[in-house]
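**Q** The following block contains the structure, expressed as structure tokens.
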Amino acid sequence: MSGIIDYQIEKYSFVEAAETPRLTQQWADVAQECLQVRAGAEERLRIALLNVDYVTSFELPFRLLLIRAPQLIASVRDELQLNQKNVIFNGKRFGCVYSLKNDLSDIPDAFQYRLSTRIRRVDPTGTAATPYQQIAKEVRAPRERLKMALEQGLQVTALDALFWFGSQRIAADIQRLRKAGVRIATAETEVSDNLTGTTRNVPVYRREEG
């Protein structure tokens with residue numbers, strides 16, 4: 001795919017049901033700093049870990065637009081001496097909390113998140129956000145949304161999967177689809193967004209013909 005896909009984010013609200021004003025402000029400060037310095041992925045993660053009381057594995061991809069959050073956490077874990085705690089997200093998914101604090105006992109054991117967005121997708125090929133939004137309305141499970149998009153001939157970037165399909169780890173979903181017999185080609189494409197103010201390469205997937 002040639003040309004840059006631009007994600008023009010007009011509304012982006014990612015909140016936790018019991019989020020405190022302190023955490024809300026901390027995340028707002030992180031977002032502002034990341035945008036000001038046009039921080040790359042690892043730098044965005046570092047800024048968050050150093051300025052937020054704790055972060056969760058579920059929220060990192062959504063708040064910081066990270067597409068390889070587990071690998072990034074692994075790269076800074078020892079240096080920052082991260083502590084972690086196992087928790088549950090949205091009543092069913094297991095994950096972790098990460099913090100520089102030693103005592104994690106006052107951190108909740110369960111979190112309930114909600115994402116609300118309005119995003120324009122500007123693609124040189126003319127593919128807007130509409131087909132991705134329609135799939136999200138028709139299918140509930142992230143991996144099934146991804147499968148349907150590929151079957152319809154759409155090219156799906158990691159950010160498409162995050163914004164509209166709720167897929168935080170698209171590489172893992174792609175691997176499972178391949179094991180199920182779906183032939184999928186992988187490439188890279190440039191994307192930009194006004195939430196991070198950066199332009200970078202991300203994976204893009206399409207179904208192979210034949």
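**Q** On the given criteria, is Arg121 in contact (Cβ under 8 Å) with a residue 12 or more places away in the chain, part of a strand (DSSP E or B) and crowded, with 17+ Cβ neighbours inside 10 Å?
**A** Criteria met by Arg121.
**Q** If you check Ala158 against the conditions, is it farther than 22 Å from Tyr12 by Cα and among the small types (Gly, Ala, Ser)?
**A** Numbers: farther than 22 Å from Tyr12 by Cα: no; among the small types (Gly, Ala, Ser): yes.
In short, no.
**Q** Return the total of residues in the stretch 151-171 being under 19 Å from Glu209 (Cα atoms) and surrounded by 21 or more Cβ atoms within 10 Å (Cβ to Cβ).
**A** Total satisfying the criteria: 2.
**Q** Quick check, is Asp78 more than 14 Å from the chain's Cα centre (by Cα) and assigned to a loop (DSSP other than H, G, I, E, B)?
**A** Values: more than 14 Å from the chain's Cα centre (by Cα): yes; assigned to a loop (DSSP other than H, G, I, E, B): no.
The answer is no for Asp78.
**Q** Next up: State whether the residues of the stretch 88-111 include one that is buried (at least 18 other Cβ atoms within 10 Å of the Cβ) and part of a loop (DSSP other than H, G, I, E, B).
**A** no
**Q** Could you please give the count of residues in the stretch 142-171 that are among the small types (Gly, Ala, Ser), out of contact with any strand residue (DSSP E or B) (no Cβ under 8 Å at 6 or more places or on another chain) and modelled with pLDDT of 95 or more?
**A** Qualifying residue count for the region: 1.
**Q** All but one of (1) over 15 Å from the mean Cα position of the chain (by Cα); (2) more than 23 Å from Ala41 (Cα to Cα); (3) among the aliphatic types (A, V, I, L, M) hold for Ala187; which doesn't?
**A** Every listed condition holds for Ala187 apart from (2).
**Q** Next question, about the same structure. Assess whether Arg169 counts as being outside the structural domain of Leu66 (by TED's automatic domain parsing) and either within 22 Å of Glu16 (Cα to Cα) or in contact with a Lys or Arg (Cβ under 6 Å, 6 or more places away or on another chain) (or both).
**A** Answer is yes for this residue.
**Q** Provide a single number: the residues in the stretch 19-66 that are part of a loop (DSSP other than H, G, I, E, B) and not basic (Lys, Arg).
**A** Selection size over the stretch 19-66: 11.
**Q** What number goes with the only condition from (1) of a type in the set (Val, Ile, Thr); (2) within 21 Å of Trp27 (Cβ to Cβ); (3) in contact (Cβ under 8 Å) with a residue 60 or more places away in the chain that Val55 does not pass?
**A** Among (1) of a type in the set (Val, Ile, Thr); (2) within 21 Å of Trp27 (Cβ to Cβ); (3) in contact (Cβ under 8 Å) with a residue 60 or more places away in the chain, the lone unmet condition for Val55 is (3).
**Q** Here's something else I'd like to know. Under the condition of being of a type outside the set (A, V, I, L, M, F, W, C) and assigned to a loop (DSSP other than H, G, I, E, B), which residue from the stretch 124-150 is surrounded by the most Cβ atoms within 10 Å (Cβ to Cβ)?
**A** The qualifying residue surrounded by the most Cβ atoms within 10 Å (Cβ to Cβ) is Thr127.
**Q** Still on this structure, please answer the following. Search the stretch 87-108 for residues that are within 11 Å of Val55 (Cα to Cα) and pair each with any residue that is part of a strand (DSSP E or B) and among the basic types (Lys, Arg) when their beta-carbon atoms are under 7 Å apart and the residues are at least 6 apart or on different chains.
**A** Cys96/Lys85; Val97/Lys85; Ile107/Lys85
The values are calculated or read from the model by the stated rules, or taken from the named source; none is laboratory data. These figures come from a predicted structure and were not determined experimentally. Reconstructed Cβ throughout: ideal geometry from the backbone, glycine too, with neighbour counts over all protein chains shown.
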